[in-house]
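The structure appears right after this line, and notes come after that.
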Amino acid sequence: MFAKLGKPAKKELLPMEKASQSKIDISVLLVEDETHARIFTETLLNKIVTKVYSVSSGQEGLEVFKNHAIDIVVTDIQMPRLSGLDMLRQMKV
């Protein structure tokens, strides 16, 4: 038996593989005071969106929010000085 030689069949990408090839064109503000959680979450977000602003406090989050066009805010709730909820309330005003 002989097999026909030629170009190998083009591999079809799975939906998740297709998604990983292009990033969503949005900016995300990540506010997390715990270093490991912030780095982990930032790494994941950078794989799927075009811009991630990552800060460690609610006050820094407010500054970034005021100075940049932010589409989504991901925040820790319990943080020293300014909680995530208080920060979001100030952003809403």
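Read the figures in this text as sums done on the coordinates, not as results from a lab. Being a predicted model, the structure only gives us computed values, none of them experimental. Glycine gets a Cβ as well: all are built from the backbone with ideal geometry, and neighbour counts include every protein chain shown.
Observations
- Principal axis dimensions, largest first and in whole angstrom, of region 29-92 by Cα: 29, 25, 13
- Of the residues S54, V31, T43, the one whose Cα sits farthest toward the positive end of the charge dipole of region 19-62, with +1 on the Cβ of Lys and Arg and -1 on the Cβ of Asp and Glu, is T43.
- The aspartates and glutamates whose alpha-carbon is closer than 19 Å to the alpha-carbon of K47, local same-chain residues fewer than 8 away aside, are E17, D25, E32, D71.
- Estimated FRET transfer efficiency (D25, R89; beta-carbon r; R0 30 Å; 0.05): 0.60
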